[in-house]
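Notes follow the structure.
The values are calculated or read from the model by the stated rules, or taken from the named source; none is laboratory data. All values derive from a computational prediction rather than experimental measurement. Heads up, the Cβs are rebuilt from the backbone with ideal geometry, glycines too, and the neighbour counts pull from every protein chain shown. Accessible surface is based on the protein model in full, side chains and every heavy atom, while ligands, DNA and RNA are left aside. Shrake-Rupley method; radii C 1.70, N 1.55, O 1.52, S 1.80 Å.
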Amino acid sequence: MKTIEIHASTPYEVVIGSGVSAKIGEYLTALGRSGKVMVVSDTHVAPLYGEGVADELVYHGFEPSIFTFDAGEESKSLKTYSELLTFLAEEGFTRTDTVLALGGGVTGDLAGFAAATYMRGIHFVNMPTSLLAAIDSSVGGKTAVDLPAGKNLVGAFYQPELVLFDTDFIKSLPYDEIRNGLGEGVKYAVLEGGEIFNILSSGLTSENLEEFIALSVDAKRKIVEADEWESGMRKLLNLGHTVAHAVETVTDFVVPHGVAVAYGVRVMARLAFDKGELSEEDFYKIEELLLENDLALELNPIEELIPYFSADKKKAGNKLTLVTIAGIGDCRLTEIDIQDVYAYFGV
Ligand SMILES: NC(=O)c1ccc[n+]([C@@H]2O[C@H](COP(=O)([O-])OP(=O)(O)OC[C@H]3O[C@@H](n4cnc5c(N)ncnc54)[C@H](O)[C@@H]3O)[C@@H](O)[C@H]2O)c1
């Protein structure tokens, strides 16, 4: 078991280990929580783990309710958000009660945003169940729902009071979702280098899973603690994301987020290599990393994607901030004028 302390505006622990979900009641009690708990989960995860978590809560004197929504990004919407808020009100939740996310990144983002806004904020605990949520979305306090106009356009910074990841959850995660999580993993490997890069280069196994998640969470911790509100270096976490968001938009979200991020990293590595900013050695190490993780994909050509860059949230005024790769473990923020984007990408 590993515990990482996040010193954000609300400090909290991320606990990672086999079987930790069975201790949710103990953890909530230790936090001083009591009363009602709204377990938010989707139609894939709720049947697998919802009842076990609810039983554990009852055993420790809590009154759980379960809100289940259709699995998938389409549910990260104002409609589901509104249904969740309505259910919280119907069940008589007050500010001393708790929202508990049990699921992937969609669940965490939706439940976190509901917790941030219901009665101007009630207690929030996150139990990620996907690899992507464990290494990335459950930590850092970004919560949101999507609008038809774009992803994550309505949201809040709202830190959880605890993140509890049971590594056993991964056993039921389909291969495609593991690969999707590895896409965000590739991002951390290139941002951080070192052991995260080594683990992913040799392949994720049940033996190194806990270590990999802990290292990824720790990488995010450093960035979030330095820039919680994303005014500067937190933007580094957007490595690969400008391309990724364009791919998601062009393919109508058929390409999942993590896979699109891995492609974004590949495009940025190739660009840096072509510009002479990334060494041949590091470029090929990144290519091998992508190959090892079944993520060396050739998706939409850059000419097709650039028109969507100006809709990116990384744009401010007529400037776009890209995360560029100077080396493994050495990524930088590079601001370019929107009018120069085609030239910058050599198109
Ligand atoms: N808040 C942040 O900082 C942040 C960061 C990165 C991504 N995100 C968001 O995260 C979302 C993507 O997260 P995701 O990939 O986890 O999506 P997801 O929540 O839709 O989960 C992916 C799929 O896996 C299923 N699943 C999850 N855990 C399972 C398990 N243990 N066993 C079986 N099935 C399981 C889900 O039901 C779903 O079908 C996107 O909305 C993205 O915008 C947020």
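Below is a table of values for the structure above.
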quantity: DSSP beta bridges in the stretch 2-172 [antiparallel fraction, %, rounded to 5]; calculated: 30
quantity: Probe 1.4 Å - accessible area at Met1, Å² to nearest ten; calculated: 130
quantity: For Lys220, solvent-accessible area (1.4 Å; no DNA, RNA or ligand), Å²; calculated: 10
quantity: Degrees separating the helix 209-226 axis from the principal Cα axis of the chain, which is the longest one; calculated: 80
quantity: Crossing angle, helix 257-274 versus the chain [Cα axis fit, 0-90 degrees, rounded to tens]; calculated: 20
quantity: Gap separating the Cα centres of the stretch 212-272 and the stretch 8-47, nearest whole Å; calculated: 26
quantity: Percentage relative contact order, the chain, counting C-alpha pairs under 8 Å, at least six apart; calculated: 15
quantity: Accessible area in square angstrom per residue, the stretch 1-77, 1.4 angstrom probe; calculated: 48
quantity: Residue order for Lys2, Lys151 - accessible surface, 1.4 angstrom probe, largest first; calculated: Lys2, Lys151
quantity: Sites Thr86 and Glu13 - FRET efficiency at Förster radius 25 Å, r taken between beta-carbons, to 0.05; calculated: 0.20
quantity: Local electrostatic count at Asp168 - Lys and Arg +1, Asp and Glu -1, tallied over other residues with Cβ under 13 Å; calculated: 0
quantity: Accessible-area order (highest first, 1.4 angstrom probe) of the listed residues Leu278, Leu204; calculated: Leu204, Leu278
quantity: Shape category assigned to the stretch 36-111 from the gyration tensor of Cα positions, a/c cut at 1.5; calculated: oblate
quantity: Computed lengthening from Thr29 to Asp294, 0.36 nm per intervening residue step minus Cα-Cα distance; calculated: 91.2 nm
quantity: Candidates Gly72, Gly92, Gly203, ranked by Gaussian network fluctuation over the chain, Cα under 10 Å, top entry; calculated: Gly92
quantity: Helix-only CD estimate at 222 nm, as mean residue ellipticity for the chain, using -39500 (n - 2.57) per DSSP H run (n ≥ 4); calculated: -12000 deg cm²/dmol
quantity: Antiparallel bridge percentage (DSSP; both residues within the chain; nearest 5); calculated: 45
quantity: Distance in nm between pseudo-label sites at Tyr175 and Leu333 (7 Å out along the Cβ direction from Cα); calculated: 4.0
quantity: Förster radius 45 Å - calculated FRET efficiency between Thr205 and Lys319, Cβ distance, rounded to 0.05; calculated: 0.60
quantity: Heavy-atom accessible surface of the chain: percent carbon and sulfur, 1.4 Å; calculated: 51
quantity: Sum of side-chain charges, His60 neighbourhood, beta-carbon under 12 Å (Lys, Arg +1; Asp, Glu -1); calculated: -2
quantity: Where Thr86, Thr107 fall by accessible area, highest first, once all protein chains stay in place (1.4 Å); calculated: Thr86, Thr107
